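Quick notes on the structure that follows.
The values are calculated or read from the model by the stated rules, or taken from the named source; none is laboratory data. This one's a predicted model, so the numbers in the text were calculated from it and none came from an experiment. Here the Cβ positions follow ideal geometry from the backbone for every residue, glycine too, while neighbour counts run over all protein chains shown. With ligands, DNA and RNA removed, areas are computed over all heavy atoms of the protein, side chains included. Shrake-Rupley method; radii C 1.70, N 1.55, O 1.52, S 1.80 Å.
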Amino acid sequence: MLGLGADRLWADMNRLLAFLFHQGVLDEQFLQLQQLQDESSPNFVSEVVNIYFHESEKLLRNLRSLLMDRELLDYKKMGIHVNQLMGSSSSIGANRVRNVCVAFRAATDQNNRAGCLRALEMLEHEYCYLKNKLHELFQIEQERALAAGVRYPLQN
Amino acid sequence: MEEGESCSARRELTALVVDDQEVLRRIHGRLLKDVGVSHVEAARNGKEAIDIHRGGQSFDLILMDLDMPVMNGIQATRGLRAMGVRSKIAGVSARNEGEGVKEFQEAGLDLLFPKPLTTLHLSSLVTQIKPL
């Protein structure tokens with residue numbers, strides 16, 4: 001009976017992953033990340049993704065702060081932050097976040113403030129969605145690991 | 001051991017990952033280990049990379065990001081080549097062609113990869129490198 005819990009959670013995890021791939025939220029780079037996880041680094045994916053969240057939120061705050069400066073809009077600096085976010089997002093397989101970064105970068109290249117604002121709002125939305133879904137995925141993974149851990153009761 | 005056979009084991013490859021983003025230092029470091037680079041160190045910007053070399057260390061391969069604070073990849077690559085560093089330097093960038101990328105290549109890169117870096121990129125690169 002306990003084994004069924006772990007199996008059901010495994011199915012939930014795969015269903016969520018398939019959904020995220022189908023929606024384009026994640027791409028094959030996320031699979032590469034998973035392939036890098038092994039016994040020597042069993043929490044590699046969650047560790048790396050948590051670092052990504054921490055660094056991305058800093059970049060998003062910087063971008064918002066740069067855009068709110070009505071006197072001097074530093075498009076070059078914004079472009080650098082967007083490139084950084086694009087690089088890290090593509091490296092973890094955050095496909096939709098990466099795509100919005102491409103549009104944002106085009107707006108900074110054109111010195112288009114309205115375009116940058118729109119892109120930033122979309123970016124914040126996509127980032128929040130990604131973060132919620134990945135937290136959900138890691139939560140299921142944790143529960144599955146716990147359930148699998150009590151699968152075989154001790155025998156006298 | 002047979003006559004003529006080398007007594008020392010083939011030296012394993014070493015690499016330096018230069019990137020201001022920790023997420024990328026972690027991923028690129030892990031990718032390098034996955035393709036058989038046994039010793040990987042990291043630097044957070046170009047200045048740290050140069051200081052590491054001034055301290056006497058050398059690497060078979062350097063993965064150099066372009067956009068970094070303090071000292072960017074262009075300045076760091078130029079600086080390392082001016083110091084006589086002969087390591088294979090592979091630039092890694094999310095930028096499109098033409099946005100300083102040409103200047104990056106002309107600074108002394110051996111090759112340039114777009115982000116995201118993959119196992120495929122690195123495994124073909126590593127087979128080309130002979131230990132210094």
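Tell me which of these B:Asp51 doesn't satisfy, since it passes every other one: (1) open to solvent by 40 Å² or more (accessible area, probe 1.4 Å); (2) farther than 19 Å from A:Met86 by Cβ; (3) within 14 Å of chain A (Cβ to nearest Cβ).
Going through (1) open to solvent by 40 Å² or more (accessible area, probe 1.4 Å); (2) farther than 19 Å from A:Met86 by Cβ; (3) within 14 Å of chain A (Cβ to nearest Cβ) one by one, B:Asp51 breaks only (3).
Of A:Arg144, A:Arg98, which residue is modelled with pLDDT under 95, surrounded by 13 or more Cβ atoms within 10 Å (Cβ to Cβ), within 18 Å of A:Leu20 (Cβ to Cβ) and not aliphatic (A, V, I, L, M)?
A:Arg144
Go through region A:18-44 and report how many residues are surrounded by 14 or more Cβ atoms within 10 Å (Cβ to Cβ), in contact with a helix residue (DSSP H, G or I) (Cβ under 7 Å, 6 or more places away or on another chain) and either in contact (Cβ under 8 Å) with a residue 40 or more places away in the chain or away from chain B (no Cβ under 12 Å) (or both).
Residues that pass the stated criteria total 8.
Looking at (1) closer than 20 Å to B:Ser123 by Cα; (2) in contact (Cβ under 8 Å) with a residue 24 or more places away in the chain; (3) within 12 Å of the chain's Cα centre (by Cα); (4) open to solvent by less than 50 Å² (accessible area, probe 1.4 Å), can you tell me which one B:Gly46 breaks?
Of (1) closer than 20 Å to B:Ser123 by Cα; (2) in contact (Cβ under 8 Å) with a residue 24 or more places away in the chain; (3) within 12 Å of the chain's Cα centre (by Cα); (4) open to solvent by less than 50 Å² (accessible area, probe 1.4 Å), only one is false for B:Gly46: (1).
Evaluate region B:74-85: report whether one residue or more is surrounded by fewer than 22 Cβ atoms within 10 Å (Cβ to Cβ), hydrophobic (A, V, I, L, M, F, W, C), within 11 Å of the chain's Cα centre (by Cα) and away from chain A (no Cβ under 14 Å).
Scanning region B:74-85 turns up no residue that is surrounded by fewer than 22 Cβ atoms within 10 Å (Cβ to Cβ), hydrophobic (A, V, I, L, M, F, W, C), within 11 Å of the chain's Cα centre (by Cα) and away from chain A (no Cβ under 14 Å).
Among the residues that make up region B:60-68, is at least one of them away from chain A (no Cβ under 13 Å), touching a residue at least 12 places away in the same chain (Cβ under 8 Å) and open to solvent by 50 Å² or more (accessible area, probe 1.4 Å)?
no
Out of all the residues in region A:103-118, is one or more crowded, with 16+ Cβ neighbours inside 10 Å, among the β-branched types (Val, Ile, Thr), at negative phi and touching a residue at least 12 places away in the same chain (Cβ under 8 Å)?
Yes, region A:103-118 contains a residue that is crowded, with 16+ Cβ neighbours inside 10 Å, among the β-branched types (Val, Ile, Thr), at negative phi and touching a residue at least 12 places away in the same chain (Cβ under 8 Å).
Pick from A:Arg96, A:Arg113, A:Arg64, A:Arg105: which is at the interface with another protein chain (Cβ under 9 Å from one of its Cβ atoms), in contact with a helix residue (DSSP H, G or I) (Cβ under 8 Å, 6 or more places away or on another chain) and among the basic types (Lys, Arg)?
A:Arg105
Within region A:27-71, how many residues turn out to be in a helix (DSSP H, G or I), in contact with a Phe, Trp or Tyr (Cβ under 7 Å, 6 or more places away or on another chain) and farther than 25 Å from A:Leu120 by Cα?
Residues flagged as in a helix (DSSP H, G or I), in contact with a Phe, Trp or Tyr (Cβ under 7 Å, 6 or more places away or on another chain) and farther than 25 Å from A:Leu120 by Cα within region A:27-71 amount to 1.
Right, A:Glu136: at pLDDT 95 or above and either over 15 Å from the mean Cα position of the chain (by Cα) or open to solvent by less than 60 Å² (accessible area, probe 1.4 Å) (or both) or not?
The answer is no for A:Glu136.
Among A:Leu85, A:Leu130, which is the only one that is open to solvent by less than 50 Å² (accessible area, probe 1.4 Å), at pLDDT 95 or above, touching a strand residue (DSSP E or B) at 6+ places or on another chain (Cβ under 9 Å) and assigned to a helix (DSSP H, G or I)?
A:Leu130
Could you tell me whether A:Arg118 is at pLDDT 95 or above, in contact with a helix residue (DSSP H, G or I) (Cβ under 6 Å, 6 or more places away or on another chain) and not aromatic (Phe, Trp, Tyr)?
no
Of (1) within 8 Å of another protein chain (Cβ to nearest Cβ); (2) free of Cβ contacts under 8 Å to residues at least 40 places away in the same chain, A:Val48 satisfies all except one. Which?
A:Val48 satisfies every listed condition except (2).
Among residues belonging to region B:25-43 that are away from chain A (no Cβ under 12 Å) and more than 22 Å from A:Met86 (Cβ to Cβ), point out the one that is most open to solvent (accessible area, probe 1.4 Å).
B:His39
May I ask you to say which residue of B:Val92, B:Val101, B:Val126 is more than 14 Å from chain A (Cβ to nearest Cβ) and of a type in the set (Val, Ile, Thr)?
Result: B:Val126 is the single residue among B:Val92, B:Val101, B:Val126 that is more than 14 Å from chain A (Cβ to nearest Cβ) and of a type in the set (Val, Ile, Thr).
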